[in-house]
Amino acid sequence: MADRTFLDWPFFDATRRALATELETWCETHLTHGHGDDIDAECRALVRKLGDGGWLRYCVPAAYGGVHEQLDVRSLALIRETLARHDGLADFVFAMQGLGSGTISLFGSEAQKQAWLPAVASGEKIAAFALTEPTSGSDVASMETRAEADGNRYVVNGAKAYISNGGIADFYVLFARTGEAPGARGVSAFVVEAGAGGLDASERIQVIAPHPLATLKFTDMRLPADALLGERGRGFAQAMATLDVFRTTVGAAALGFARRALDEATTRALTRQSMGATLADNAVVQSMLAEMVVDVETSALLVYRAGWLRDVMGQRNSREAAIAKLHATDRAQVVIDKAVQIFGGLGVTVGCPVESLYREIRALRIYEGASEVQKIVIARHHLAEAKA
Ligand SMILES: Cc1cc2nc3c(=O)[nH]c(=O)nc-3n(C[C@H](O)[C@H](O)[C@H](O)COP(=O)(O)OP(=O)(O)OC[C@H]3O[C@@H](n4cnc5c(N)ncnc54)[C@H](O)[C@@H]3O)c2cc1C
């Protein structure tokens, strides 16, 4: 039932339209059932399933088992939107394969790319992205985890918090302070194998929409010099460049959740009787549905514009990615809340689709830059242009 007319927009070509249609069919046969309580096992199974289906190939460049020469934001966004509409955990798994390996795709050496990316694309290895710390979330540049050079290796001490796939990942892209300068200019990126001595990922965090999440603790963890990812001291810029690709896709996931909520609410409104008519006959409910439609459409326009600017126009799209993420995640929250309202008591009943959407959407307004941080990015661009 979900509206598919957006695929005719000029942001897409025949290849991307076909991708959306093929994935839709695949989801209808492969993502039909819910998930059990063992979320780690469910995620591992979903990684294999998405890998076998060929969808994880979109997470890496073509030279390493991928589809497009470079990471294609519109494809990533179409996949996330579609998966999120069918199954939030499938979207999570897909997103983390991309985000967790994204810094390697963008900045890794040939050897690092060969070592990790084909296995990410096939679903043989699970990826994670370790940036946030217990005392440094939005303020990334204040991170404290240290990687100190010691001969031909690095010794890492510190902690990372809220790391998705923590505990089940095969490798982590880790950002740590290497001391070239204070703040943003003293951070480097590394690839860390999950079994590394001195890495403890056993402290798990339970969240309202369950997925694997952990605190990582590093105690004198030794890394070989070739674990360094890209140039030393460039880790902050590398993290931001990686987020530039994936922030747009967080908006796409929110869009998928919102479309699902709109579909569910519309079906319910068309069948639920109240005061001698269906809810859909009621002008107040129609007004709610109309607002939901506008929120979904504007989010889609902003998400796919951001992708098109980067993929087709070759522009750095930090401003547009921030606008897309801010708008799509904030409005999806409102759309889903209205869907719950249209469902009435059933809407807050555990197991009702809009109830799980209500929990799923919340974290998207916080991770990969909270809504307030996106506003800072947007205002900074706006004011810089005004002063120029
Ligand atoms: C489910 C989930 C999964 C996550 N997965 C990962 C992961 O895989 N890898 C990873 O590295 N991190 C991950 N994170 C961490 C996430 O990126 C951080 O939670 C986020 O960046 C916010 O940091 P914080 O929680 O420390 O909040 P804080 O930085 O303490 O901010 C709290 C709130 O204060 C406000 N705020 C903060 N700074 C400003 C400011 N300068 N101006 C205005 N308002 C401000 C915002 O409203 C913000 O939400 C995940 C988080 C969640 C919830």
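Listing for the model above:
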| read-out | value |
| --- | --- |
| Theoretical ellipticity at 222 nm over the chain - DSSP helices of four or more residues, -39500 (n - 2.57) apiece, nearest 500 | -17000 deg cm²/dmol |
| Relative contact order (%) - the range 170-258, alpha-carbon pairs under 8 angstrom, separation at least six | 31 percent |
| Compactness relative to 2.2 N^0.38 Å, alpha carbon Rg of the range 141-223 | 1.11 |
| The chain, accessible area per residue, ligands and nucleic acids excluded (1.4 Å, Å²) | 43 Å² |
| Average Cα contact separation per residue, the range 269-361, under 8 Å, 6 or more apart, as relative contact order % | 22 percent |
| About the Cα centre, charge dipole magnitude for the range 252-351 (Lys/Arg +1, Asp/Glu -1 at Cβ), debye | 280 debye |
| Only Lys, Arg (+1) and Asp, Glu (-1) charged, at Cβ; the range 66-178 dipole about Cα centre in debye | 20 debye |
| Cα gyration tensor, the range 337-383 - rounded (a/c under 1.5), prolate or oblate | prolate |
| Relative contact order (%) - criterion: Cα under 8 Å, at least six apart; region: the chain | 15 percent |
| Taking all pairs of distinct alpha-carbon atoms in the range 305-388, Kirkwood radius in angstrom | 14.6 Å |
| Rounded, prolate or oblate (a/c below 1.5 giving rounded, otherwise prolate when a/b exceeds b/c) for the range 291-331 by Cα gyration tensor | oblate |
| Whole-percent carbon and sulfur share, accessible surface of the range 166-229, 1.4 Å | 52 percent |
| Pair Gln206, Thr5: separation of 7 Å Cα→Cβ label points (nm) | 4.6 nm |
| Positive-pole candidate from Leu309, Thr329, Ala280, dipole of the range 230-388, charges at beta carbon | Leu309 |
| Net dipole in debye of the range 1-90 [+1 Lys, Arg Cβ; -1 Asp, Glu Cβ; about Cα centre; nearest 20] | 220 debye |
| Given charges at Cβ of Lys, Arg, Asp, Glu: the chain dipole, positive-most of Leu19, Gly137, Gly98 | Gly137 |
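The values are calculated or read from the model by the stated rules, or taken from the named source; none is laboratory data. For clarity, every value in this text was computed on a predicted model and none was experimentally measured. Heads up, the Cβs are rebuilt from the backbone with ideal geometry, glycines too, and the neighbour counts pull from every protein chain shown. For accessibility, only protein heavy atoms count, side chains too; no ligands or nucleic acids. Shrake-Rupley method; radii C 1.70, N 1.55, O 1.52, S 1.80 Å.
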